[in-house]
Each structure stands twice: as structure tokens, then as C-alpha cells.
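Participant: Got a structure for you, written out below as C-alpha cells; questions coming shortly.
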Amino acid sequence: MNTISALPSLRSDLQLIFDWIQPESSVLDLGCADGSLLAALMKYKNCQGYGLEIDTEYVLAAMQRGINVIQADLEAGLLHFNDHSFDVIVLSQTIQSMQNTEQILCEMKRVAKEAIVTFPNFGYWRNRLQICFGGHMPVSERMPYQWYNTPNIHWCTLQDFEQLCADNHLVINERAVMSGNRRIGLWPNLLGSLAFYRIG
């Protein structure tokens, strides 16, 4: 395991996504929040792109960073974007809260040459212990909600997501798994709390 060196302005999970994106890429960030990833990509890698975000406060924060942001609901899809409009499309810690998971994955593949998807791993050992020995739904750093107020509706593990990709003929080019700010190599579906995939 090794520690990821991060830009001061980025969380460690966004740093890994940042590292995967090539300089001068065109990027679409779905659920871009305050636009910190796009801002770093623009500043340090001369990337261009757009963010999609539904929360008004986040939209305003992203705009203050100079991000081109569109206020939109991802559940409505990406119909307004042409095929291969972007080099990279990012969906960070959002897929588990979407109704139409398969649809958004296929749309991401249509709109961009490469998709980067991250999600909290429900198979993480701490989650398993809370269910097995605590008898309750897990609450953790990556999943900080109670069962009754969580926005997450589709929990999945690394194995579940990889099967979903296979079922939809999506090719996984690279996978990384983290716990905190550390990369996990051994037993990732058990020891990793957050999964990252590059889909081509």
C-alpha cells in the first residue's frame, strides 16, 4: 500500500481521478459538486470541460471557480450531448444513488471516449462486520447516512460492478481501490472502501 500525493486543493479520491486524466483533455464531470476537480484540471493540465450538477449551492460554487456548469438532473440522461463529445466523462461517488444505473453507464460510453466511475464498496470489511455482528446497515466515512435517509439506492461491490460492465459489454481498462488515502492491492473487494474504474 502506498499513500497518494495530493494537490492541496483536492481530496485524495479526486486526486486519483486527476492523475488518470491526460493533459488538454475535454472533460464532462457528472455531479461535479463545487467544481474542484475541473478547476484543478483546468489549472494544472490545461483541460477544458463542463460540469453537470443539480444542487443550486454547488452550481453557484462551481461558477465562482470559473467552471462551465449546467444545472441538470442526471436521471434525465445525456441526450443533449453528441456521441464522443468529450475525451473523458467522470461520475464520482454518484452511481449508487441513481435510478437508471445501466442507462447512465451506456450513455457515458456513448458521450466520451473513456469513462471514470467511482463508488463506495459495499463489500468493504467494516460494512460486512456492521451487518454481520452489529445487525444493522453500515454507516462509514464513505457511506455516512442512516438506512432511512440515505440517497444511496443501489449498493454494490467490486464484483457486482464488474459483472454489470460485462453484461453491458463495457470494457474495464483499469481499476484502483482505496481505503482512506491509501491504495489497496491485496483483497481489494474486502479491504477497499472506495472503487475507481476506467471504462473504455
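The numbers here are math on the coordinates, done by the rules we state, and not lab data. In this text the structure is predicted, and so the values were computed from the model without any measurement. Note that each Cβ is placed from the backbone with ideal geometry, even for glycine, and that neighbours are counted across all protein chains shown.
Participant: Counting every Cα pair in the stretch 1-126, what percent are over 22 Å apart?
Facilitator: Tail of the P(r) past 22 Å holds 33 percent of the pairs.
Participant: Next question, about the same structure. Determine the sum of side-chain charges near M98: Lys and Arg each +1, Asp and Glu each -1, restricted to other residues whose C-beta is under 13 angstrom from that of M98.
Facilitator: Net local charge, M98 excluded: -4.
Participant: If you don't mind, another one. Specify which residue in the list I89, L52, S12 is farthest towards the positive end of the charge dipole of the stretch 1-125, using unit charges on the beta carbon of Lys, Arg (+1) and Asp, Glu (-1), about the Cα centre.
Facilitator: The one lying farthest along the dipole's positive direction is S12.
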